[in-house]
Amino acid sequence: MNYWQRKQNKQVLFPMMQVNRIISIVCLITTCLNGQVCDLEPCSEADFSMKLSQLRAQVKARQGYLASWRLTCDFNNPQDYQQKKKEGEVKAEASLVENIIIFVETSYQETIKDSGGSVSESIISSIKTNTPRIPLTRRTFYYIKKDDNTLLVYAYVNKKNIEEGADRINLAFEKENKREQNKFRHNVASGNFSGALNSLTKIYAYSYSMVPVIGKFSGRSMMSEDITTELRTRLSNLELKYIGPKDNLMGLQYLSTVDHDFQVAATYNGKPVSGLALRARMIDGLSDWEDNTYKTMKLTNNKGHSSFRLGRILSKQTVQRIVVELDFETVKRELEKVSNLRAFLNRDWYDDFEELKKTGFKPLEIPIQIDYQFEVYISTGNIRIQAIPGMDNLSVKKDFEQAFITKKGVKLVSRIGENTLALKVDADKDFKTGKQINLTTSFLNRRQELRAQNESRITVRSLRLDWDSEVKNHVVALLDNLDKGDVRIVGDDGIRISVDRGKTDLTITGRRADIRLSYGPHSFSFRKLGFWKRDTTITVYQPLHEFPVELQKKDIQVVLGLPYPERDFNLQIRSVDKKRSKYTLNFEGNQLSYSRPERIYRNNIIHLPEDGNYAFTFKTRGKKNDTIKRPLDGKRPFYHEINFEPFSFSEIARNSLVPGLNQLKMHYTPSGVFLFASAFVAVGFTIYSHHQSMEYLDQYRQAKFSYEEVQDMEQDVFDLHRKDAETKYDSYNRYRNWSLVSGGGYSVSATVSFLHAIWIINRER
């Protein structure tokens, strides 16, 4: 290559080097601004342990918080890698939020003393904040390639950054508080009670949402006794009054629709209050208002007036009550629309504000009187009788009229009016049996809507006797069913339904369950094994309700951080709540396998069918068991990094006193059983031999004593005693030697157990 070629290449390469340098600078600037690692490649598996220890040391040094998430990733696919990075960042940050909840919690203790100076009561309170309200700024993300298909994403945030984020929220609240205080003073001066009340509500909401940080309130809290006092003072001078003819409240008919409005006037110190939000609800009785409980009224006009209209009266109760009270839901919705503070409002502020409002404001109670009597119209045109010999429509009409006359609250009429129910009677022969008649009676309103129904079967034999009792039974059932409606629950088979805390229990079969309930609110609880429980309230105020229910399937996830370097292990999962729920899992050759056909996902995620308390025991050769007990609720995955710790030298030495114990604890079962059995036999034979030697020693001593006593006797007697003493001594000596040999065998077993354990430790390092 000549000079001009080299110069030309240099001119080409120099701009490329400049471009690369600019890209690097931009990347560095981006890292500094966003607080994230600008990586082209994740940390390799070889650097995994070192990187993890550095992260933990960094967290400890900077007093920060660290959280991680594990994903399956195809590193050969750049698009998949970038997608998994973003997904991991979201999951790791969510886990990070959970970890700092304790950090933003503070508590205080207040002691109350009596007049004598002794402590009579101690109050411990805590202040908590909703952690997601705190902006997690300048987060740092680390990406670690743990193995060929596993990506670990670590999220880190500094405590100082959290404090700064909380301070910014509190300063924003303080700014809004000052603005609302100015509005409050202006509204008070101009006599705008509604505006002043709304300003106080916002001040309370902002003050309640101040973020506590490290045992104190960051920023200056606006929540003081002045707000509470001011609110109570304003509310105590507010008065609500019912206006209009009192006759409109008297004699409202059961099942009738009220056609006129009920008007309410609001005054403050005798002056009308305009723009005040009110709501009406029925606390005694029942009406089919919208939502059947609450009906938001219009804002009061310039005269301070507002009105509401009742729906149909559904309760037979003679005296019922309607309560009119303040409605701050409009202010709440208005606050939720504020873009810059919406995410940081504490969601519990309104509940506490409602309690405070009750202490300063007396709601208006409007009693209404109900006339239980209603009209029944019976026409031969609504009676259809088949296959009943000797009976016509007119006779059936007279039988039912006679039965209704004896009932209280029923008025028979000859024409249909607004509050009239028409009786319909159908009698059909049961063609399957040929010996029964299906009798159906119904109440229809003016719009031909079904209000009540009853069905029964009567036999053809002794028809006249059965007919009289059936008519009376149908009349009683129809009057009773006027207060009830059919609730049809539609959902998957097997869902168990508990109504009103167990008063009614049934199970959905054929994808539906029909329940007959009285008008009014009823509590429902839906549950099914492996699904989340769902509690709700259904208010029955029409003849037929259809309520679809869908339960969300539980996914109890246990994410395993596999040991590094990877090794085969066994996992025993036991439910503490249900003793029979046990699972065995084996990890061999980078694959998990269950003892039961449970679902495995991504090779390191376990899916359990039920929530509850579980005990996990991880076992592997040569290491200590990794045991953990954990309550699982299914609300978030439980992550457990498997960490098998080695046995220490002192532990091995202690365990070696029982040969085979080391091997059993290290899960070398055959070796452990052999050594333990050998040691057991050795110990048993040693004890036996020692016992026998002691017995022969005692016998030898007695024989020796007898031998010394007969030294002056004849030679034959003397030789006989001497030979017996020698035999006893030989037996003693033989068993003593066997005892020493077997004791040495026990020592050999202990030594072998110790040396084998040391060899295992050295090999597993």
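The values are calculated or read from the model by the stated rules, or taken from the named source; none is laboratory data. A quick note: this is a predicted structure, and the numbers were derived from the prediction, not measured. Cβ sites come from the backbone with ideal geometry, for glycine too, and all protein chains shown count toward neighbours.
Details
- Residue satisfying all of: in the range 222-259; more than 30 Å from Phe374 (Cα to Cα) and touching a strand residue (DSSP E or B) at 6+ places or on another chain (Cβ under 9 Å); modelled with the lowest pLDDT among these: Met223
- Unmet criterion (only one of (1) in contact with a Gly (Cβ under 8 Å, 6 or more places away or on another chain); (2) over 30 Å from Leu286 (Cβ atoms); (3) not hydrophobic (A, V, I, L, M, F, W, C)) for Asp466: (1)
- Unique match (being more than 23 Å from Arg281 (Cβ to Cβ), basic (Lys, Arg) and out of contact with any Gly (no Cβ under 7 Å at 6 or more places or on another chain)) among Lys397, Lys358: Lys397
- If you filter the range 594-639 down to residues that are farther than 15 Å from Val559 by Cα and among the small types (Gly, Ala, Ser), you find that the one that is modelled with the lowest pLDDT is Ser595.
- Selection status of Lys357, assigned to a helix (DSSP H, G or I) and surrounded by 19 or more Cβ atoms within 10 Å (Cβ to Cβ): yes
- Within the range 403-421, none of the residues are free of Cβ contacts under 8 Å to residues at least 60 places away in the same chain, closer than 25 Å to Leu478 by Cβ and of a type in the set (Phe, Trp, Tyr).
- Screening the range 592-704 for strands (runs of 3 or more DSSP E) wholly inside it with 1 or more residues that are of a type in the set (Asp, Glu), in contact (Cβ under 8 Å) with a residue 40 or more places away in the chain and at negative phi returns the ranges 638-641.
- Residue within the range 362-382 that is surrounded by 15 or more Cβ atoms within 10 Å (Cβ to Cβ), of a type in the set (Asp, Glu), closer than 22 Å to Met282 by Cβ and within 36 Å of the chain's Cα centre (by Cα) present: no
- Residue identified as part of a helix (DSSP H, G or I), free of Cβ contacts under 8 Å to residues at least 24 places away in the same chain, of a type in the set (A, V, I, L, M) and in contact with a Ser or Thr (Cβ under 9 Å, 6 or more places away or on another chain) among Leu740, Leu720: Leu740
- Scanning the range 279-300 for residues that are outside any helix (DSSP H, G or I) and either in contact with a Gly (Cβ under 7 Å, 6 or more places away or on another chain) or at pLDDT below 70 (or both) returns Leu286, Ser287, Asp288, Trp289, Thr293, Tyr294, Lys295, Thr296, Leu299, Thr300.
- Residues that are of a type in the set (A, V, I, L, M) and either at pLDDT 85 or above or in contact with a strand residue (DSSP E or B) (Cβ under 6 Å, 6 or more places away or on another chain) (or both), drawn from the range 173-214: Val188, Ala189, Ala196, Leu197, Leu200, Ile203, Ala205, Met210
- Residue within the range 421-430 that is closer than 18 Å to Asn481 by Cβ and either touching a His at 6+ places or on another chain (Cβ under 9 Å) or at pLDDT below 80 (or both) present: yes
Quick grid of which residues meet (1) at pLDDT below 65; (2) within 20 Å of Gly561 (Cβ to Cβ):
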position: Thr30; (1), (2): yes, no
position: Gln36; (1), (2): yes, no
position: Glu41; (1), (2): yes, no
position: Ser44; (1), (2): no, yes
position: Asp47; (1), (2): no, yes
position: Arg62; (1), (2): yes, no
position: Trp69; (1), (2): no, yes
position: Asn76; (1), (2): no, no
position: Gly88; (1), (2): no, yes
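- Looking only at residues of the range 512-534 that are within 15 Å of the chain's Cα centre (by Cα) and either polar (S, T, N, Q) or outside any loop (DSSP other than H, G, I, E, B) (or both), we find that the one that is nearest to Gln552 (Cα to Cα) is Phe531.
- Which listed residue is surrounded by fewer than 16 Cβ atoms within 10 Å (Cβ to Cβ), closer than 30 Å to Gly612 by Cβ, within 24 Å of the chain's Cα centre (by Cα) and among the β-branched types (Val, Ile, Thr), from Thr504, Thr537, Thr509: Thr537
Each row is one residue, and each column tells you yes or no for (1) in contact with a Ser or Thr (Cβ under 6 Å, 6 or more places away or on another chain); (2) surrounded by 18 or more Cβ atoms within 10 Å (Cβ to Cβ).
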{"site": "Phe618", "(1), (2)": "no, yes"}
{"site": "Arg630", "(1), (2)": "no, no"}
{"site": "Arg636", "(1), (2)": "no, no"}
{"site": "Tyr639", "(1), (2)": "no, no"}
{"site": "Pro659", "(1), (2)": "yes, yes"}
